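Okay, structure first, notes after.
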Amino acid sequence: MSPEEIQQIFFAECEESLAAAESGLAACHAGTHDSDTVNAVFRAVHSIKGGAGAFGYTALQGYTHTFETLLSDVREGLVAIESQLVDLLLRALDTLSDHVEAAREGGDAPADAALISEMESAMAANGGGAAAAPETAPEPEPTPEPAPEAEASEGAGDDLDLDALLDDLTAGFEAPAPQAAEAPAAEASAAEDKRWKVHLRPRAGAMRNGSEPLLMLRDMAELGGECAICDVSQVPPLDAFDVSQGYLGWTFAMPADVSEEAVRDIFDFIGDDCALAIGDDVEIPAVQIVEAAPAPKPEPIAINPAPAVEPAAAASPAPAPEKAPEAPAPVAEVKSAAADKAVTADKPAPPEKAAGPASGAPAATSGQSIRIDLFKLDRLIDLVGELVIAQAMLVQRLDGASVTATEELSLLETLTRDIQESAMSIRAQPIASVFSRVPRILRDLAASTGKHVKLDVFGETTELDKTVIERLGEPLTHLIRNAVDHGIESAEDRIAAGKPPEGTLTLSAEHRSGRIVISISDDGAGINREVVLRKAIEKGIVSPDAQLSAEEIDNLIFAPGFSTAQVVSNISGRGVGMDVVRQNVKDLGGRITIDSTPGKGTAFILTLPLTLAISDGMIVDVGDQTLVVPLAHVVESLRPGEAEIHGLGSSRRMLNVRGRFIPIISLKDALGAPTGATDPRDGVLIVVDTESAGQAALLVDDICDQRQFVIKSLATNFRSVEGVAGATILGDGRVALIVDVDGLVACALPSNERQAA
Amino acid sequence: MSKTTRILTVDDSASMRALLNHALSTNGFDVAQADDGVSALEWLAVNEVDVVITDINMPRLDGFGLIEQVRGGTRHRDRPILVLTTESSDEKKARARAAGATGWIVKPFDTDKLVAAVRRVAH
């Protein structure tokens, strides 16, 4: 894996983290302040910081450090969660998102100085000074001794590493005898053989924690050290021998060119569990037999050339930082971990990146996700589709052969359906990942329009296909901007209309009979139908004498080139409008409808398929052919009366649908089928919506069924055919072609007629 | 030691796992990955390991919890465990040691130091 690829993973992670932080803060905003929620936000920011450091994004890292520090104070309960703070955190998150963007695009980092100082003063207000970083703050009862040391380590900041740690330790040890650090070299030069001595005795704890004292001896030897003395005098008789204790001690003679630092580095991890003394006239530290009690006794590490002289002074600085946090900390941790679990178990509040089931605890399952190549997943879903078809074929065949295997068949059917459902659910994600971006949009809108909008969200755990989710963001954003820009009135107008000054936007998502229904509704003024109709007539979208129902007028806003905004704002007007939204939704196999009440508000309702792999279709007969018309295109179907059919020229006919004329296309002719209905009165007309040619009525012999189908590409198996989107296998094993409605209608109609719709 | 040293890396961040994997495998280590303490324990239940490197702050089961479970078990009780963390406070280190960590590496890590730390504790 190349560094670039790893970087891509990092940015994908950033997106997830930002979404998790956003939803966590949204929960905070709504009044949820439990540790689980706060922790999720902290972890999200923390994770971005970690990656930023690893990939060298210093601006991002610096910013996240401040952000994280403030969050840490919040998490530790040092800063109270008030609405003002949540606002600050939300703004900080927006800037963080910009920071991530800048890091990804290689652009300039956003201006964050003001926010940083704001965050720092938020810490200062409660945590006791911006300089007091989170690590020092949460210490339960810092004793006077460790404080300066902790601050010294803070000074080193993020770059604190093994060396820095060593420096800290050395600083602590130096206190009683400042000359110790420089001493060895000087002493060594004075010594006859230019070597200096290290005395060590691993204690009982040296074998714990997976440590192996032998490895330290090996490392000493690798540095060029020679074992001068091995003290075995303390080894007890066999019957008193305890394998877990440390009885042996060594003295190593180190070459003069080996620094004391290098030696101390070896003993960095082992800490107090190996007594260490440096100097020519020092003894190997004494054996300490530790009783069964688990807590290691704080012991001075004798590095002073003359430890016996000032044992108290040597003792105090070294063990204190070790000892102080040790006792209370684990207890606190157990408690908070238990609390976390309890909260997670019964509260699905902060939906993270999880693709887990909607019930239960999404936050808890999120960590268990694995990343799979989408291609593999699609292959699986494809195969499952085949399995479903094969199963249906088998049932049909056995039925025909009068084989009675009802139980086995129904078992197979249940299993097949379960497999299909779980395969689909792998691709499914909660819609929260889209919804969680909405607060940011609203905040931006509030800043630019001055309209403050309250957000209500329902059904954010509703799951739908990943691809659908990814492609839903853009139309949804557009609809939301539209709702705030055009739908919700200004505060003055709202008050005049007897409404609360703050508008409300409601987002909801739910499963309804195998489809997902998403609704975006505002409590604004509703669509002004007079204005819409006038505008549509002005723009030549409808004829001046057209008789349109309220619903049809509403739908005019989806017409290409339609825009009612008096002033084209930079928010929702830029030529690309609602027609693009509708097209996006249609590309997903979905539909969009409007429900608007003047004075009360407007709701846009998106009906989307659960997945793109399986579509709904109308199975129709044309002569001896069976065809599938994707349901996403179908508006209505009807058996026309005599009066509704009008001739146009010698060969073309139009259908009058409530005063509008739309062209009739015979599928028999369009596809060149040998037989089939040519007269609209003999068949059924299916009114379809198309992308480029408006509406048209497809003439078929009959409608047989409506069912789900798996699209098989014709191009990969045969070649691409105009007017045919693909093929599918019917339950009886026959292949049926899927009509490409857009292509077929565009192809069958002369270009000048397309405007008729 | 002729056998390849096998390392389990535990981090909830996929990019951090990828970085560790890159740094360690290019230095001749055999690397396995887990995305939190729970999945690490699941992996350890059926695999052998020479060194565990774990993040501290993770969902479900954090690094301390993982160490406690490993030390409290039987199979991997004596395995060296390095803690990988951005939190460099002495308090965290003392806690890590008290919880049973063998050593630590501070993120962002330097590949040489990472490898040196692993070599230092690998049995």
Exposure proxy check on A:732, B:50: fewest-to-most Cβ neighbours within 10 Å is A:732, B:50
Enumerate the whole-percent occupancy of each 10 Å bin, from 0 to the last occupied one, for all C-alpha pair distances of the range A:614-756. 12, 45, 34, 9, 1
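Would you tally the net charge around residue A:427, using a Cβ to Cβ cut-off of less than 10 Å, leaving residue A:427 out, and scoring K and R as +1, D and E as -1?
On the way: positive: A:466; negative: A:378, A:463, A:465.
Its environment carries a net charge of -2.
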By what distance, in whole Å, do the Cα atoms of the range B:6-121 stretch along each of the three principal axes, largest value first? 34, 32, 26
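Compute the Cα gyration tensor for the range A:381-429, then decide on rounded, prolate or oblate, letting a ≥ b ≥ c be the square roots of its eigenvalues: rounded whenever a/c is under 1.5, prolate when a/b is larger than b/c in the other cases, and oblate in all that remain.
Working: a/c = 5.43, a/b = 2.25, b/c = 2.42.
Because a/c hits 1.5 or more and a/b fails to exceed b/c, the range A:381-429 counts as oblate.
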Would you order A:380, A:588 from fewest to most other beta-carbon atoms within 10 Å of each residue's own beta-carbon? A:380, A:588
With a Förster radius of 51 Å, plug the Cβ-Cβ distance of residue A:747 and residue B:43 into 1/(1 + (r/R0)^6) and report the FRET value to the nearest 0.05. 0.35
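Peptides A:230-242, B:57-69, A:672-684: what's the order by average Cβ count within 10 Å, highest mean first?
Sorting A:230-242, B:57-69, A:672-684 by mean packing, highest first, produces B:57-69, A:672-684, A:230-242.
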Expressed as a whole number of Å, what is the distance separating the alpha-carbon centroids of the range A:659-695 and the range A:1-46? 52
As a footprinting exposure proxy, order A:57, A:247, A:63 by other Cβ within 10 Å, with the fewest listed first. A:247, A:57, A:63
Just to compare against my own numbers: the Cα pair-distance distribution for the range A:1-105, 5 Å bins, whole % per bin, please. 3, 13, 26, 24, 16, 10, 5, 2, 1
On each of the three principal axes of the Cα atoms of the range A:29-71, give max minus min coordinate, whole Å, ordered largest first. 36, 14, 13
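Determine the calculated [θ] at 222 nm for chain B from helices alone, applying -39500 (n - 2.57) to every DSSP H run no shorter than 4 residues and normalising by the residue count; nearest 500 deg cm²/dmol.
-13000 deg cm²/dmol
Could you work out the relative contact order of the range B:6-121? I mean the mean sequence separation of Cα pairs under 8 Å and 6+ apart, divided by the number of residues, in percent. All intermediate terms of the calculation are to be shown ahead of the outcome.
Details: 186 pairs, mean separation 26.8, N = 116.
Relative contact order of the range B:6-121: 23 percent.
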Taking R0 as 25 Å and r as the Cβ-Cβ distance between residue A:2 and residue A:422, the FRET efficiency 1/(1 + (r/R0)^6), rounded to the nearest 0.05, comes to 0.15
For residue A:396, net neighbour charge (Lys/Arg +1, Asp/Glu -1) across residues whose Cβ lies under 13 Å away: -1
Can you tell me, using C-alpha contacts under 8 Å and at least 6 residues apart, the relative contact order of the range A:431-609 as a whole percent? 25
Residue A:396 and residue A:597 label points (each 7 Å along its Cα→Cβ direction) are spaced in nm at 4.7
At q = 0.11, 0.19 Å⁻¹, what is the base-10 log of I(q)/I(0) for the range A:431-609 according to the Debye formula with one equal point scatterer per Cα and no solvent? Please give it to two decimals. -0.46, -1.36
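All of the numbers you see were taken from the coordinates with simple rules; none came from a lab. Computed from a predicted model, the values in this text were never measured in an experiment. Positions of Cβ are generated from backbone atoms using ideal geometry, with glycine treated the same way; all protein chains shown enter the neighbour counts.
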